[in-house]
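The values are calculated or read from the model by the stated rules, or taken from the named source; none is laboratory data. These numbers come from a predicted model, not from an experiment. All Cβ positions, even for glycine, are placed from backbone atoms using ideal geometry, and neighbour counts span all protein chains on display. Just the protein is used for accessible areas: all its heavy atoms, side chains included, with ligands, DNA and RNA removed. Shrake-Rupley method; radii C 1.70, N 1.55, O 1.52, S 1.80 Å.
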Amino acid sequence: MGAEAVRVLVVDDSPVDRRVVELLLRAHCGGGGGAAAGEAAPFHVTAVDSGKKAMELLGRRRGDRDHLTPSSPAAAAAANDQAIDIVLTDYCMPEMTGYDLLKAIKALGSPNPIPVVVMSSENEPQRISRCLTAGAEDFILKPLKMNDVQRLRKCSGATRPKSAVAGDDDRCCNTAKKAAAAAAATPEQQQQQQRSSHLAGLAMVMNASSFEVSHYFQLIFKLILLAYAVLCLSQLLHRWSNGSSLLSLWCA
Amino acid sequence: MAAAALRDQLTALLSSMFSQGLVDEQFQQLQMLQDEGGTPGFVSEVVTLFCDDADRIINEIATLLEQPVVNFDKVDAYVHQLKGSSASVGAQKVKFTCMQFRQFCQDKSRDGCLMALAVVRNDFYDLRNKFQTMLQLEQQIQAYDPKQQ
């Protein structure tokens, strides 16, 4: 798989924080790559200073796709280029807080919702759970550290299987899309687009469920093994304390 | 030779800032990222951003506290911003004084806030002086570098 850049939209009202986050993200692909150079995709950072601007950016993208796609494939490509893989937003911002932004993004109702990670300098459990229940992928405490970037990468990776599993589908659709555009068959194109997003969603769900099932299976297996071991041990101790010989153990 | 001496001076300044608690691990991390990540001039950029931002915020707070009726929520919001910025840069001492400042805001004590503002200002000016010395040293070292190569 080629190292496709992860497009991050950073939303923070503090200029200092914006720059620091940008550097952390940039450095993570440059210096942090190292051994896993092939795996670590670089981050492509776009930074804005308010939730409003973030929504404008995301909204414009959607608008482009909704209105311009049928008329010009070039505009569609441009809109695709501007797409955002993950939003990293500050919680405490004037006017529109990170929580408001999170809800607004989730309310966009796109078939493939953009993952949102909220960061805050305050470690308030209430705030954290509020954001997580509203659909935030993760909650990171400020100031950001290098391993937080790793977490962010994982969150953006939650949608990555889309490109990993359904990547070929996507690519097929892309070429098909272009052909369709050339033939000026707009309804077909839209259908295809819908189908591709549907496929991607399905792949995501399957991936998530299989991961969880295998995870739980392992846990249950370990628990059963542990219970069995405890049972055996207690039996053994019981017999030994009764003073019977080891042989009787086997006879029983 | 002179470049090496300057570099020693810079290292001494940075370690004294760290041992005095002016800056913390976050600042060291930024410095490390700059050196390893191949982004020269990053720390100076962030430090300059921080100094401008903090200066602006401190002035805003001062004007707010001069009002006949002080809006403590607004003051608190500004102090929170300053705290966030200093945490991101790793300006530990300013961050701590901001935390105390916020307590006075919550108590809605004007005198307490004025006192805290004086402390924050003092800590910030102290740090800014050190940062400026640091930036000057870095510039001097950079001016030497091409000649050596």
> Taking only protein heavy atoms and a 1.4 Å probe, what accessible area per residue, in Å², does the stretch B:3-144 have with all protein chains in place?
Replying inline: 48 Å²
> Between their Cα atoms, which of A:Lys142/B:Lys95; A:Lys52/B:Lys95; A:Lys103/B:Lys74; A:Lys52/A:Lys145; B:Lys95/B:Lys130 are more than 19 Å away from each other?
Replying inline: A:Lys52/B:Lys95; A:Lys103/B:Lys74; A:Lys52/A:Lys145
> If you project the alpha carbons of the stretch B:20-70 onto the principal axes, what extent comes out on each, in Å, largest first?
Replying inline: 51, 22, 13
>> Using a Debye calculation, one point per C-alpha and no hydration shell, please list log10 I(q)/I(0) for the stretch B:3-144 at q = 0.15, 0.16, 0.22 Å⁻¹ in order.
In response: -0.73, -0.81, -1.30
> If we count every other residue with Cβ under 12 angstrom of B:Val46's Cβ, Lys/Arg +1 and Asp/Glu -1, where does the sum land?
Replying inline: -3
> Rounded to the nearest 100 Å², what is the sum over both chains of accessible area buried where A meets B, with a probe of 1.4 Å?
Replying inline: 1600 Å²
> Comparing the chain by itself with all protein chains present, which residues of the stretch B:49-75 are at least 40 Å² less accessible (probe 1.4 Å)?
Replying inline: B:Leu49
> So which residues of the stretch B:81-100 lose at least 50 Å² of accessible area, probe 1.4 Å, when you go from the chain by itself to every protein chain present?
Replying inline: B:Ser88
> In peptide A:10-17, how many Cβ atoms from other protein chains are near each Cβ within 10 Å, on average?
Replying inline: 6
> Once Lys and Arg get +1 and Asp and Glu get -1 on their Cβ, which of B:Ala143, B:Ser44, B:Leu13 lies farthest toward the positive end of the dipole of the stretch B:1-144?
Replying inline: B:Leu13
> What order do you get for B:78-89, A:222-233, B:62-73 when each peptide is scored by the mean count of other beta carbon atoms within 10 Å, highest first?
Replying inline: B:78-89, B:62-73, A:222-233
>> For B:Phe18, what accessible surface area do you get with a 1.4 Å probe? Give it in Å², rounded to 10.
In response: 80 Å²
> Dipole of the stretch B:3-144, Cα-centred, from +1 at each Lys and Arg C-beta and -1 at each Asp and Glu C-beta, to the nearest 20 debye?
Replying inline: 280 debye
> Can you give me the relative contact order of the stretch B:3-144 as a percent, contacts being Cα pairs under 8 Å and 6 or more apart?
Replying inline: 33 percent
>> With a 1.4 Å probe and all protein chains left in place, how much of the accessible area of the stretch B:3-144 comes from carbon and sulfur atoms, in whole percent?
In response: 52 percent
>> To test your reading of the geometry: what angle, between 0 and 90 degrees and rounded to tens, separates the Cα axis of helix B:92-107 from the longest principal axis of chain B?
In response: 10 degrees
> Around A:Asp138, which amide H atoms from residues at least 5 apart in sequence, or from another chain, sit under 5 Å from its own amide H, with H modelled in the peptide plane?
Replying inline: A:Val118
